[in-house]
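Please read the structure below before turning to the comments.
Computed from the coordinates by the stated procedures, all read-outs in this text should not be read as laboratory data. The shown structure was predicted, so the numbers you read here are calculated from the model rather than taken from an experiment. Reconstructed Cβ throughout: ideal geometry from the backbone, glycine too, with neighbour counts over all protein chains shown.
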Amino acid sequence: MRRWPTRLPPRIRINSPYMCRKTAFTVAIVLFSLVVFAQERSQPQKNQGDKAYTLSVETLEVQLPISVLDREGRPVNELTKENFQIFEDKVLQTIKTFKHEDIPLSLGLIIDNSGSMRNKRERVNSSALAFVRESNPDDETFIVNFDDSAYLEQDFTGSIGDLIDALDNIDARGETALYDAIYLSAEHVKNGKKDKKALLLITDGEDNVSKYGINKVIEALKQSKVTLYTIGLLEENDQRGGLFKKPPSKKAKDDLQKFAEITGGQAFFPKNIDEVEGLVTHIAHDLRNHYTISYTPTNAKLDGSYREIAVKVNPPKNLGKITWHTKQGYYAPKAEPVSSNQ
């Protein structure tokens with residue numbers, strides 16, 4: 001049993017030293033946007049000694065999943081390439097490819113198994129299964145349960161039966177290692193076979209025992225090119241906090257919004273658990289109606305820098321008001337010389 005792994009082996013237990021009360025019900029979806037690197041290698045060039053060096057040269061292509069919704073929150077499906085403009089660090093980019101199709105994804109369901117979820121798990125499981133059933137039948141899904149530790153209950157599978165068995169593995173107790181579950185699941189979903197990747201997180205609490213802090217989680221989300229959807233059922237009347245400290249429910253809401261905005265997702269805050277199944281169905285439909293746009297950046301430097309992305313959508317006038325969501329940026333790869341002996 002390994003402590004603080006970068007990958008989640010089955011039933012790995014992750015303990016954390018920090019504790020406080022929980023106050024929020026959260027459903028979050030993390031959708032991986034893609035940065036694709038086509039790698040070419042130059043011929044070795046000899047230097048003055050016996051060593052030769054090969055410079056690994058990568059041609060960068062950035063792929064953006066973009067959600068476009070009308071004023072009722074329904075997917076807008078009639079747009080063309082000409083309706084989009086992509087900017088990287090405020091510089092207009094040339095669109096290379098444009099697709100609007102239902103792409104299978106690698107999906108992770110991250111389910112809060114802490115003590116306060118005992119009376120909610122049946123409804124949560126129903127919502128999670130509704131999400132899976134509304135998704136592409138070619139999706140592959142894994143399940144992580146977490147309390148004060150995170151466990152891989154079911155690795156990637158296309159079997160609804162396997163997923164039901166994993167969701168029914170309930171022993172609700174303990175605290176809420178929310179950040180740890182997000183961080184480790186974001187690492188594990190990279191092992192999925194599908195190009196498009198997502199995470200769905202369901203919890204009723206603010207993080208209170210994680211080893212990984214919020215900044216570490218945000219950095220992990222940026223580096224893994226993910227999009228996060230969040231649904232938080234919060235205790236609006238929570239008065240805890242103080243003059244210089246936010247109430248836990250307010251902090252939870254701010255965190256969920258921050259995760260969503262950074263990664264290009266959306267944040268939802270229903271009034272009660274009865275609304276959750278409808279929201280996850282809505283999100284599943286949204287995932288199946290993304291536009292996928294790619295471009296080769298005008299900044300060809302492979303320097304490991306963070307590049308900010310902005311998308312502008314110019315719809316036909318008859319569509320009325322629309323909104324759109326995509327990731328806010330990505331890290332460019334960093335080219336490194338690879339030495340070899342000749």
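Spin-label model, Lys321 to Glu308: label points 7 Å out along the Cα-to-beta-carbon direction sit 2.6 nm apart. Once backbone amide H atoms are built at 1.01 Å from N, Asn113 has Phe146, Asp147 as its partners under 5 Å, excluding neighbours fewer than 5 places away on the same chain.
Both radii were evaluated on the Cα set of the stretch 260-310; the Rg over Rh quotient, with Rh as the Kirkwood radius, amounts to 1.16. Multiplying the residue separation of Lys334 and Asn215 by 0.36 nm and removing their Cα-Cα distance gives an extension gain of 40.6 nm. Amide H contacts of Gln154: Ile143, each under 5 Å away and 5 or more positions distant or on a separate chain (H built 1.01 Å from N in the peptide plane; Pro and chain starts excluded).
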